[in-house]
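Here is the structure we will look at, set down as structure tokens.
Values quoted throughout were computed directly from the atomic coordinates according to the rules given, and no laboratory measurement underlies them. Please read all numbers here as calculations on a predicted model, not as lab measurements. A quick note on method: Cβ atoms are made from the backbone with ideal geometry, for glycine too, and the neighbour counts reach across all protein chains shown.
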Amino acid sequence: MQILGRYSIRKTLQLVILVASSSALLMATIGFSVNDWYASRAQLFEQLRSEASIIANNSLAALTFEDQDAARRTLASLVSERNIIAAALYRDDGTRFASFEKQTGFLPDSTFEQGQGEYGELLFLQLPIVLGEETLGAILLLADHSDWQKRQVVRLLTAFGLFVLSLMLAMLISSRLQRLVTQPLFVLTDTARRITQSRDYSVRAEVLSGDEIGRLASDFNEMLDQIQLRDEELRRAQEQLEDKVAERTLELQDLARRLEHQAYHDSLTGLANRITFDNRLRDGISQARRFGGQLSVMFLDLDRFKVINDTLGHGTGDRLLVEVARRLKNCLRETDTLARLGGDEFAVLLVDVDPGHTGDVANKLLHTVRQPMEINGHSLQLTSSIGISVYPGDGDTAAAILKNADTAMYRSKDRGRNRLTFFAPDMNERVERRLVLENKLRRAIHESRFSLAYQAKWSCKDSQLVGVEVLVRWVDEEEGNISPEEFIPLAEDCGLIVDIDLWVLENACRDMLKLHRQGFADLQLSVNFSPLHFAHHDAYMDVANILVKTGFPGHKLELEITEGLIGPDAEDVCGQLRAINDLGVEISIDDFGTAYSSLSRLKQLPLHTLKIDRAFIRDLGRDSDDETLVKTIITMGHNLNLKIVAEGIETQQQHDFVVSHGCDAVQGHLFSKAVSFAELQQLAQRAELISA
């Protein structure tokens, strides 16, 4: 279409007609030539078949009585056939009986498998000679088809000549036809050009026909009528425009006020933004410095908001932020400043307050955020972490006060979230430590500097080794062993835990596959899996790809997820868990009892195991409440057809208690600490010898 667009309508129309006609002529010529070739060739073979049939009938007696002279005389009757250069009779065993040749050296020693075809540059036809139901032999005719080929060349040249003549005629007709069609268009174009140059809208185009082009000319004239009317309307509109200018000026002033508001306020929540907060903080510090007052800054961050936002969608996340902003605002005075700094981060400026009152306000904010929220049909419950810095004790500039409040907020997260923390000078050291550790962690992931440790799981029924839980270890070149309790939370906050999980899963599958091949195929591998996999909707593909890549059997893999992942509205997470379960992988809830989970939700999920958190195991025998809770979890799990695993078993008393109440499996230092893969192999061999 781009090529045709370069030419005028006249040339385009002529080209289209020419291409269409030439294509049709070409197809007809080719079809005629191909049909003629096949028909004449078939006729040639039919002629050979007739001659072969006559010779076959005349040779019955000769073949029957082995009279070769009579057979040669019969074949010699073909001497008058110009195109036949050789013929032969063959016995039923394929050997030649008699032959006739105008030129020697062409006849084959035996018969062909096919009845007709080409033999070198010759055509052959072969017919069986049958007497009654008995085949006596066969007749073979070889024919020269050079005359037939010459006739085909002549016919092809004739067809090509007719094609050329037809094409010339088509060119002549297309030239005449396009002029007939395009002439009215050129007349209409000339009229439009004159109107454009003269601006005389009274000129009208001449309607020369009643076809589409004629209707186009009529529509063109009607358009000119409308243009005249529009010209008059424009003059009237010009008068009205001046009246609108004043009105528009007022609208622009209102828009300017709204833009100014947007420049200093958050567009989603309507709260002050960072620019406004910074300005008010600087003003507040100036006033406090002049009159000797105090002010406090709170930095509030919603815990695990990203998981909710990615799982339930940004629409739900935005409505959640609006609701949080409303609740926070209701907890503050008119003189206080509440701002949204970005994402799920809020800041509060309290003026003329002492630190004790600031703590009360912060606890009030923690409490209001913690209350359940109904958002888009979802019942959500989340927590927040607050960091607090006070002027002038924690800094004498706005930047320092903000930085220290942010530092204190991260300290709240490090201490377990859902709490407030006042800034202390030593926290800067922790921030620096966090930055250094994050850089080292990124380098360790890139260079695969981790190692694996395995903690055995033992059956409570027969004390057999039934599986292992894989744990990640990190030995830094400068610091040595770094505790998982320090780098795992950091990896979760920085989004690096996904890469670590996948490295652990792949390498642990490879290790356990080796152990399976050594005769321990019944051992199950348990791997911790971060909620971020589900927030990114990559959980199923990550697990499936590693199972395919390593060849590890899915039914011997167990993924341990946290209880907080399966809130009452995590439908998407449930779907991902079911997809993973379809791979044969079992699902376990790790540290069960430390978070909120609905019993009805547990029934709906594809769960297989509950792991009782070590915090409840630690005081068994000393705390009756923990004993009641452990017994309740075991009973509830069995009622839901789930296996129960107790982790953190360190004393015989703890072991005896969980076994006596029906726990299915245990793990802990009482039996074995986390060991390397080589030590695990030895442990498995010793366990097998003991059981034997």
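Which percentage, to the nearest 5, of the DSSP beta bridges contained in the chain is antiparallel? Could you put the intermediate results ahead of the total?
On the way: 65 of 91 bridges.
Once the DSSP bridges in the chain are tallied, antiparallel ones form about 70 percent.
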key: Calculated on alpha-carbon atoms, Rg and Dmax of segment 274-425 in Å   = 15.3, 51
note = Between ASP538 and THR635, Cβ-based FRET efficiency (R0 35 Å, step 0.05) works out to 0.45
note = In nm, the gap between the two label points placed 7 Å beyond Cα toward Cβ at VAL675 and GLN287 is 6.8 nm
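Once you mark the GluC sites (Glu not before Pro) that are in a DSSP loop and have at most 14 other Cβ atoms within 10 Å, what is the longest gap between them in the chain? The partial results should precede the final answer.
On the way: sites that count: GLU66, GLU113, GLU121, GLU133, GLU206, GLU334, GLU477, GLU478, GLU479, GLU650.
Longest gap between qualifying sites, sites excluded: 480-649.
Give me the dipole magnitude in Debye, nearest 20, for the chain about the Cα centre, with unit charges on the beta carbon: positive for Lys and Arg, negative for Asp and Glu. Write out the running numbers ahead of the final one.
Values: 75 positive and 100 negative charges, 353 e Å.
Using Cβ point charges on Lys, Arg, Asp and Glu, the chain gives about 1700 debye.
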inquiry  = Using a Förster radius of 51 Å, what is the FRET efficiency between VAL79 and ALA24 based on their Cβ-Cβ separation? Nearest 0.05, please.
reply    = 0.55
task = Between LEU15 and ASN35, take the C-beta separation as r, use R0 = 45 Å, and let me know the FRET efficiency to the nearest 0.05.
result = 0.90
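Work through the residues other than LEU125 whose Cβ is under 10 Å from its Cβ and net out their charges, Lys, Arg +1 and Asp, Glu -1. Working shown, then result.
Details: positive: ARG49; negative: GLU46, GLU51.
Net charge around LEU125: -1.
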ask   = What spacing in nm lies between the two simple spin-label points modelled at GLN518 and GLU118, each 7 Å away from Cα in the Cβ direction?
value = 7.0 nm
task = Mind checking the full-extension length gain between MET168 and GLU486? Use 0.36 nm per residue of separation minus the Cα-Cα distance, one decimal, nm.
result = 105.6 nm
query = If the chain between ASN57 and LEU234 were fully stretched, how many nm would it gain, using 0.36 nm times the residue separation less the Cα-Cα distance?
reply = 53.4 nm
request  = Over 20 Å between C-alpha atoms is what I'm after, so list which of LYS413/LYS673; LYS306/LYS611; LYS514/LYS549; LYS556/LYS603; LYS306/LYS549; LYS306/LYS603 land there.
outcome  = LYS413/LYS673; LYS306/LYS611; LYS556/LYS603; LYS306/LYS549; LYS306/LYS603
inquiry  = Restricting the calculation to Cα positions, tell me the Rg (one decimal) and the Dmax (whole number) of segment 451-691 in Å.
reply    = 17.5, 51
ask   = What is the log10 of I(q)/I(0) for the chain, computed with the Debye formula using one identical point scatterer on each Cα and no solvent, at q = 0.07, 0.08 Å⁻¹?
value = -0.77, -0.81
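If you take every residue apart from HIS608 with its C-beta less than 9 Å away from the C-beta of HIS608, what net charge results, scoring Lys and Arg +1 and Asp and Glu -1?
Numbers: positive: LYS643; negative: GLU558, GLU586.
Taking every other residue near HIS608 into account, the sum is -1.
Provide MET223, MET409, MET427 in ascending order of the number of other Cβ atoms located within 10 Å of each residue's Cβ, fewest first. Before the final figure, lay out each step's value.
Numbers: MET223 12, MET409 25, MET427 20.
By the 10 Å Cβ count, ascending: MET223, MET427, MET409.
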note = With no solvent term and unit scatterers on the alpha-carbon positions of segment 9-152, Debye gives log₁₀ I(q)/I(0) at q = 0.17 Å⁻¹ of -0.90
key: Cα-centre dipole for segment 477-628 with unit charges at Cβ (Lys and Arg positive, Asp and Glu negative), debye to 20   = 920 debye
remark   = Whole-Å distance linking the alpha carbon centroid of segment 661-692 with that of segment 229-249 is 90 Å
ask   = Say each of ARG433 and PHE160 gets a label point 7 Å from the Cα, pointing the same way as Cα to Cβ; how far apart are those two points in nm?
value = 9.3 nm
key: Largest-first ellipsoid semi-axes for segment 278-325, taking √(5λ) over the Cα gyration tensor eigenvalues, angstrom   = 36, 10, 7
ask   = So for segment 451-691: antiparallel DSSP bridges make up what percent, rounded to the nearest 5?
value = 40 percent
message = Which residue, GLY292, ALA362, PRO392, has the largest displacement toward the positive end of the dipole of segment 274-425 when charges sit on each Cβ (Lys, Arg +1; Asp, Glu -1)?
response = ALA362
task = About the Cα centre of segment 274-425, how large is the charge dipole given +1 on each Lys and Arg Cβ and -1 on each Asp and Glu Cβ? Please answer in debye to the nearest 20.
result = 100 debye
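Using 0.36 nm per residue, how much length does the chain from GLU242 to SER448 gain when fully extended, once their Cα-Cα distance is taken away? Present the calculation step by step, with values, prior to reporting the outcome.
Working: separation 206, 0.36 × 206 = 74.16 nm, distance 7.27 nm.
Computed gain between GLU242 and SER448 is 66.9 nm.
For the chain, what does -39500 (n - 2.57) per DSSP helix run (n ≥ 4), summed and divided by total residues, give at 222 nm, in deg cm²/dmol to the nearest 500? Kindly include the intermediate steps, with their values, before the conclusion.
On the way: 21 runs with 376 residues, N = 692.
Taken over the chain, the calculation gives -18500 deg cm²/dmol.
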Cβ-based charge dipole, the chain, positive-most Cα from ILE580, HIS555, LEU165 = LEU165
